[in-house]
1. Quick one: with all protein chains in place, what share of the accessible area of the chain is carbon or sulfur, to the nearest percent (1.4 Å probe)?
2. For segment 31-46, just list the computed ³J(HN,Hα) in residue order, Karplus coefficients 6.51, -1.76 and 1.60, θ = phi - 60°, integers in Hz, with x standing in for Gly and Pro.
3. Kindly work out what percent of the DSSP beta bridges joining two residues of the chain are antiparallel, to the nearest 5.
4. Along the Cα-to-Cβ line of Thr185, 7 Å from the Cα, sits a label point; which residues in segment 119-145 have backbone N less than 20 Å from it?
5. Each residue of segment 53-69 in turn: what ³J(HN,Hα) in whole Hz from Karplus with 6.51, -1.76, 1.60 and θ = phi - 60°, glycine and Pro shown as x?
6. Starting at 0 and stepping by 10 Å, how many percent of the alpha carbon pairs of segment 13-150 end up in each bin?
7. In Å², and per residue, what accessible area does the chain have when probed at 1.4 Å with the other protein chains present?
8. Each label point is 7 Å from the Cα along the Cα-to-Cβ direction; what then is the distance between the points at Ala26 and Thr140, in nm?
Amino acid sequence: MNKTLLSAALIAGFGIAAFAPQAASAATGTITFNGKVLSSTCSVGTVTGGTVSSNNVAITLPNVQSTAFTAQGSVAGLTPFSLNLTGCPTTPSGVSVGAAFSGAIDGSTGAIQNTSGTGFSNAEVQLTNSTGSTAFDLVTNSNPVNATISGTGTATLSYGAQYYQPTATAVTAGTVTAVVSYTLTYN
């Protein structure tokens, strides 16, 4: 009797399974991972328009009057500077290098906040291209400049820095200290 019930249950189960809807086949494909293993990393050899000590860069912006700022978005004191990189990888060839920025970056303007200056208020330091014609929003583009490494292992990353008025509130006089970290990136 048990064999009969078991046989009937199996036949019923297979019959139901035959009429059950079949799952659709999902698309299949491959994932390819590509990359480069570099022979070395770059270091900042010199800084045009500033100084470097142990890869820490200092850029001195010019003195400007607070009256140079007339409205939200006003800028003053454009200072071009370049990170002149040395010791960069030459193997494989064709690698580009950039600097990604992080730290005290204003989330609404993408400029570098004045974090420890005294007396100075309502101004930030804005990073630009070397001519100042394009301001970089470091929130949406933390790595705005790239250069191809030469066959001799050098590259130059050119920027500009300037004071920037982020709001309509008047800029007041004082000292500015805006600090941002950089990390060299390779493509």
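The values are calculated or read from the model by the stated rules, or taken from the named source; none is laboratory data. Keep in mind that what you see is a predicted model, and the values were worked out from it rather than measured. Here the Cβ is made from the backbone with ideal geometry for all residues, glycine too, and neighbour counts use every protein chain on show. For accessibility, only protein heavy atoms count, side chains too; no ligands or nucleic acids. Shrake-Rupley method; radii C 1.70, N 1.55, O 1.52, S 1.80 Å.
1. 57 percent
2. Each residue of segment 31-46 in turn: 10, 10, 9, 10, x, 9, 9, 8, 7, 6, 10, 7, 9, 7, x, 9 Hz.
3. Percentage antiparallel, nearest 5: 95.
4. 126-130, 134-145, by backbone N distance to the label point.
5. Each residue's phi maps through the Karplus curve to give 9, 6, 6, 8, 9, 10, 10, 9, 7, x, 6, 10, 7, 4, 6, 5, 9 Hz.
6. Reading the bins upward from 0: 9, 27, 26, 13, 8, 6, 6, 4, 1.
7. I get 59 Å² per residue for the chain.
8. 3.5 nm
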